[in-house]
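Colleague: Just dropping this structure here.
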Amino acid sequence: FEVLKATNLTAADELQHYVTRTTALSTTNLQCAFSFPQLLVLAYVGFSKSTSLALILMPLVFGIVLCVSPLVPNDLALSRSAASLVIVMFFAGLCARHSLLSRCSFFSEQSFETALNVAVQASRKADSILNHKLKNNMADAVGDIDMFIEDVEKVGNVNPQLVVQLKQAGASLRRGMKSCRHRQVYLQLAANDYKLSLQPVHLQKFAMELTTGRHVRLFAEDVLVLIDPVLCELIVDNLISNAFVHGHPNDPDVEFRAMLRPMLTAEENRRHNNNAPGERLFSGTSDPIVLDGNDPRSSLQRMRLTLLVSNAKNPARPEVTEDYVKDVVSGKAVKGPSTSAMSDHIGLQHSFMAADTLGMTLSLNQRAQRVTAKLEGDVIMTHAGTAVRQSAEADLQAWPENLKIYCIDDSAPARRLLFHNLTKWAATPNVRTYGQNEGEAARFIKDTVNDADIVILDQHLEY
């Protein structure tokens, strides 16, 4: 270059101009190309304080550097600065579009979640109202059936089969009422949030209530045990229902057995029966009971409870195997030709869920032509209920006669049922019912303040 400059100054200036411009052009093009991935990242992130500042500073700094650089021609500096500005504005538009779409998606999700929460809350309220109405309607129906049966039995000239059928209908309605009353328990069970509530339960009475109104052979021991009656009832009731629904179509031959057998030796039972105050005692599947020395459960015995429900097999249904039961519980069971298209086996699934919550084992198997469901677990046999029954009987004998009992209810069947049962069982003719209209509510308040001995009120009056 120095030799060329000494011999031909014009050629040297042209060469220097060419080299400088070519180098500046390549460098600026490389810088513009390098900014593309950076701008793509900013466009994907969307608008924020940092991205907005970056979109402003990138063309500004790039243009200033080009303008003050002595090696970059002015026309090239201006053209590349303008190109950089155009590129940044294009990506700023993409960034704005991405931000707008993100905001729209966010607002849509938020609106959907809000609408879903509102719908869930409304559904729960409607479900609670429906549950309450259904329970009341069933209670009214049971009351009317009971009063009708009582009246026709007094007459005596009635077909006995008709009375039996009405009693079966009443028993079914009572089971439905109990299910409605336990709605919250079922919700907690499905949410895996149920807490066991062990209570002294008379095993024979418990079994009779479950089989009333059903053609079931019953064998139950006359003992008191500590169990959770709600979950045990849910399981056994479902097993008996399944025995009728899925058993032999002509004669299901359903049998229910409730049996106890000792789990400890005599010496171990004696040691448990002499627990010192504060000693921990096994109590089935619940938390350990701490005895204080005066607890009526001081005389307790650990036992193994077995509840068996068996029925004659339906020849049209598949054989009950271990794999079949696992498929049913998991919801994978294949529906056969005799299976209802609407059946989802959810009753059996919830039975196994309730058994797990109880800490008991539930099994279903088939031997020959009989299908047997077995619920088994450790329980505590107690004598605490004996004193309670004796105290209740003494209280009933001491019940005063001719009490003035005033009742208000907006349901006509409920008023009839209250009047019928209170007159019969409370041994008093002084029963008054109110609630036919709002005017009777004011009269009810006035009468009860003046001379009522017992007042019974409906919790949810509709006026």
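Colleague: What number of residues within segment 441-463 satisfy the criterion of being in contact (Cβ under 8 Å) with a residue 24 or more places away in the chain and farther than 14 Å from residue 410 by Cβ?
Modeller: Of the residues in segment 441-463, 7 are in contact (Cβ under 8 Å) with a residue 24 or more places away in the chain and farther than 14 Å from residue 410 by Cβ.
Colleague: Something else about it: Looking at (1) in a helix (DSSP H, G or I); (2) closer than 30 Å to residue 14 by Cβ; (3) out of contact with any Lys or Arg (no Cβ under 6 Å at 6 or more places or on another chain), which one does residue 28 not meet, given that it meets all the others?
Modeller: Among (1) in a helix (DSSP H, G or I); (2) closer than 30 Å to residue 14 by Cβ; (3) out of contact with any Lys or Arg (no Cβ under 6 Å at 6 or more places or on another chain), residue 28 violates only (3).
Colleague: Looking at segment 91-122 only, could you name the residues that are among the aromatic types (Phe, Trp, Tyr), within 30 Å of residue 59 (Cβ to Cβ) and open to solvent by 100 Å² or more (accessible area, probe 1.4 Å)? Write out each step before concluding.
Modeller: Let us first name the residues in segment 91-122 that are among the aromatic types (Phe, Trp, Tyr), namely 91, 106-107, 112.
Going one step further and asking which of them are within 30 Å of residue 59 (Cβ to Cβ), we end up with 91, 106.
Matches in segment 91-122: 106 only.
Colleague: Within segment 183-237, can you find the residues that are closer than 27 Å to residue 129 by Cα, among the hydrophobic types (A, V, I, L, M, F, W, C) and either more than 18 Å from the chain's Cα centre (by Cα) or surrounded by fewer than 16 Cβ atoms within 10 Å (Cβ to Cβ) (or both)?
Modeller: 187, 190, 191, 210
Colleague: So, of the residues in segment 389-404 that are part of a helix (DSSP H, G or I) and among the hydrophobic types (A, V, I, L, M, F, W, C), which turns out to be modelled with the lowest pLDDT?
Modeller: Taking the candidates together, the pick is 392.
Colleague: Now, a different point. Is there a residue in segment 124-134 that is modelled with pLDDT of 80 or more, open to solvent by 70 Å² or more (accessible area, probe 1.4 Å) and touching a helix residue (DSSP H, G or I) at 6+ places or on another chain (Cβ under 9 Å)?
Modeller: The answer is yes; a qualifying residue exists.
Colleague: For the subset of segment 359-380 comprising residues that are among the hydrophobic types (A, V, I, L, M, F, W, C), in contact with a helix residue (DSSP H, G or I) (Cβ under 9 Å, 6 or more places away or on another chain) and modelled with pLDDT under 90, which member is surrounded by the most Cβ atoms within 10 Å (Cβ to Cβ)?
Modeller: Filtering first and then ranking leaves 380.
Colleague: Would you mind telling me which numbered condition in (1) open to solvent by 60 Å² or more (accessible area, probe 1.4 Å); (2) under 27 Å from the mean Cα position of the chain (by Cα); (3) at pLDDT 80 or above; (4) not aromatic (Phe, Trp, Tyr) residue 349 fails?
Modeller: Looking at each condition in turn, residue 349 falls short on (1).
Colleague: Return the residue satisfying two criteria in turn: it lies in segment 405-419 and is surrounded by 17 or more Cβ atoms within 10 Å (Cβ to Cβ) and in a helix (DSSP H, G or I), and of such residues it is nearest to the chain's Cα centre (by Cα).
Modeller: Of everything passing the filter in segment 405-419, 414 is nearest to the chain's Cα centre (by Cα).
Colleague: Tell me yes or no: at least one residue of segment 423-440 is buried (at least 18 other Cβ atoms within 10 Å of the Cβ), part of a helix (DSSP H, G or I) and either of a type in the set (Asp, Glu) or touching a residue at least 12 places away in the same chain (Cβ under 8 Å) (or both).
Modeller: No, there is no match, as no residue in segment 423-440 is buried (at least 18 other Cβ atoms within 10 Å of the Cβ), part of a helix (DSSP H, G or I) and either of a type in the set (Asp, Glu) or touching a residue at least 12 places away in the same chain (Cβ under 8 Å) (or both).
Colleague: Something else about it: Among the residues of segment 172-221, how many are assigned to a helix (DSSP H, G or I) and among the aromatic types (Phe, Trp, Tyr)?
Modeller: Residues flagged as assigned to a helix (DSSP H, G or I) and among the aromatic types (Phe, Trp, Tyr) within segment 172-221 amount to 2.
Colleague: Condition first: touching a Phe, Trp or Tyr at 6+ places or on another chain (Cβ under 8 Å), over 13 Å from residue 77 (Cα atoms) and open to solvent by 80 Å² or more (accessible area, probe 1.4 Å). Now tell me which residues in segment 15-60 satisfy that.
Modeller: The answer is 16, 40.
Colleague: Would you mind telling me which numbered condition in (1) touching a residue at least 40 places away in the same chain (Cβ under 8 Å); (2) more than 52 Å from the chain's Cα centre (by Cα) residue 82 fails?
Modeller: The failed condition is (1).
Colleague: Sticking with this one: Could you please give the count of residues in segment 238-259 that are in a loop (DSSP other than H, G, I, E, B) and open to solvent by less than 30 Å² (accessible area, probe 1.4 Å)?
Modeller: Of the residues in segment 238-259, the ones in a loop (DSSP other than H, G, I, E, B) are 248-253.
Add one more test, that the residue is open to solvent by less than 30 Å² (accessible area, probe 1.4 Å), and what stays is 252.
Residues in segment 238-259 being in a loop (DSSP other than H, G, I, E, B) and open to solvent by less than 30 Å² (accessible area, probe 1.4 Å): 1 in total.
The values are calculated or read from the model by the stated rules, or taken from the named source; none is laboratory data. This one's a predicted model, so the numbers in the text were calculated from it and none came from an experiment. Don't worry about glycine lacking a Cβ; one is built from the backbone with ideal geometry, like all the others, and counts go over all protein chains shown. To get the accessible areas, we keep the full protein, side chains included, count just its heavy atoms, and leave off ligands, DNA and RNA. Shrake-Rupley method; radii C 1.70, N 1.55, O 1.52, S 1.80 Å.
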